[in-house]
Structures are given as structure tokens and as C-alpha cells.
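Trainee: Right, I'll just put the structure down here and ask away after.
The values are calculated or read from the model by the stated rules, or taken from the named source; none is laboratory data. Just so you know, these numbers come straight off a predicted model, no measurement behind them. Positions of Cβ are backbone-derived with ideal geometry, glycine not excepted, and every protein chain shown enters the neighbour counts. Side chains included, ligands, DNA and RNA excluded: accessible areas come from the protein's heavy atoms. Shrake-Rupley method; radii C 1.70, N 1.55, O 1.52, S 1.80 Å.
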Amino acid sequence: MIFSAFSRAYKPVIASLMLLFTSGCASYYSHFAMFPAENSSGEPRHVRLSWQSAEYPGWWIAGDKATSVKVETQCSDRVWRLRDGADAGDCGTGIRACGEPGKDRLAGTGQPATGSNRCMSINPADQDARVASLGGQLELLVSCTPAVVTEGQGDDTLNLDYLRASSVPYTVYVRKAPRGSMRARLPEFDESVCDAE
């Protein structure tokens, strides 16, 4: 009887503690960047990087977490996702995206890329780089070119072109804003450029 009364009295407290421990004390952010560059065909384009993160205070048991980094090129249907860790693929270490057979070629040799070839990487010199640790400036290295730049015909045509490969990484400046705030809205591509071509 005493235990039952004790249990009823502390259920709300226990529930509140459980909620605190499961949700943690994370702060959520959006990260994004937009910069001008050329695609592999030499056409001027804008390139957009974006990802989300959850940052925990130093005393919290969980480490910071982040989504993959999405890399999009204006007028292109090809979207790259750069990840870290074991789920990033077997093409090296750090933050990377591997080539897709039939879709990519190695820029240096023109040979077909495979899943063991790293086509894009962020902060390539840092083998331990993690998306959750990225700051306001990063380096993006592109090591592949598209095997074909378009696919399909007519209204079903897909543009598969993307950011031009370079032996020197692109320096990218990143904005960070609390998720859900007005400042967290992604910059939009000017689609009229694509319609005009």
C-alpha cells in the first residue's frame, strides 16, 4: 500500500526525468552555403551545401550528431550526400562520397569510377573529419566528373552534371542558424537560368 502510494506520487517526476534524458539538452542547427562555380561542362552555376546538426553541452553523455552533407548544383538533378564513418562507403576515410559505376569518371584519368573511388570529400587532409565537427569554413574536393551529363529525352531529360573537378579544394564559407528560424531558410537557386538553356 505504501509502495503503491509512493509510486503514484513520483510517476510524474520519473516521467519528466525520462523525457529529459531521452531528448537530451541538444541545440539544433541548420548549416548551409552557396557559392558560384562551373559545372563539368564549363557552365556558370551556383552550388549549395546543406546539413542539420544537434549539438550537446560538454557534460552531456551523447556526442554531437549531424546529417549527411547535401551537395547540389544549380540546374542539375544529381544530388551528392557526403557522410563520415562506416556508412559513408568503402572509398577512404573522413567525410566523403563514393563514385557510382556508370555515373562517374575519375577526373585525373578518365577511367570509370567505382564504389572504391572517392569522388567528393570535405576537408580531405583530415582523415578523422566528422560532419558534426565542421565549422564556418571547409574545403570541398571534387575528384570525379559525370560519365554522362544528360539522361533521357524530351520532358523526361535529367541533367546529371555537377560541380567541376579540381585538384585544389574549393574553399566554402558556411552559415549556421538555429533550426526553424528565419535565418535557417536555404538560399534558393535561380531556376530561370535552367529554363533559358
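Trainee: With all protein chains present, how much of the accessible area of the chain (probe radius 1.4 Å) comes from carbon and sulfur, to the nearest whole percent?
Mentor: Details: 6190 of 11600 Å².
The C+S portion of the solvent-accessible surface of the chain is 53 percent.
Trainee: Amide H of residue 105: which non-local residues (sequence gap of 5 or more, or other chain) have their own amide H closer than 5 Å, using H built in the peptide plane?
Mentor: 113, 145, 147
Trainee: May I ask you to derive the relative contact order of the range 24-178, considering only C-alpha pairs under 8 Å and at least 6 residues apart, and to give it as an integer percent? Don't jump to the answer; show the numbers that get you there.
Mentor: Working: 402 pairs, mean separation 36.3, N = 155.
Worked out over the range 24-178, it gives 23 percent.
Trainee: Now, a different point. With the crude spin-label approximation of a point 7 Å out along Cα→Cβ, what separation in nm comes out for residue 193 versus residue 67?
Mentor: The answer from the label model is 2.3 nm.
Trainee: Apply the Karplus parameterisation 6.51 cos²θ - 1.76 cosθ + 1.60, with θ equal to phi minus 60°, to every residue of the range 109-120 and state each ³J(HN,Hα) to the nearest whole Hz, in sequence, with x for glycine and proline.
Mentor: Couplings: 10, x, 6, x, 7, 10, x, 9, 9, 7, 8, 9 Hz.
Trainee: Also, I was wondering about something else. Can you list residues whose amide H is under 5 Å from residue 129's amide H, if they're 5+ apart or on another chain and H is modeled 1.01 Å from N?
Mentor: Amide H neighbours of residue 129: 94, 95.
Trainee: Using R₀ = 35 Å, calculate the FRET efficiency as 1/(1 + (r/R₀)^6) where r is the Cβ-Cβ separation of residue 150 and residue 55; round to 0.05.
Mentor: On the way: r = 40 Å, r/R0 = 1.16.
Efficiency, from the Cβ-Cβ distance: 0.30.
Trainee: Where is the GNM fluctuation largest for the chain (alpha-carbon springs, 10 angstrom cutoff): 52, 127, 74?
Mentor: 127
Trainee: At a 4.7 angstrom Cβ threshold, list every cysteine in the chain that has nobody to pair with, or say none.
Mentor: Flagged as lacking a Cys partner: 25.
Trainee: Taking Rh as the Kirkwood radius, which is the inverse of the mean 1/r over Cα pairs, what is the Rg/Rh value for the chain? Before the final figure, lay out each step's value.
Mentor: Numbers: Rg = 21.7 Å, Rh = 19.1 Å.
Reported Rg/Rh (Cα atoms, Kirkwood Rh): 1.14.
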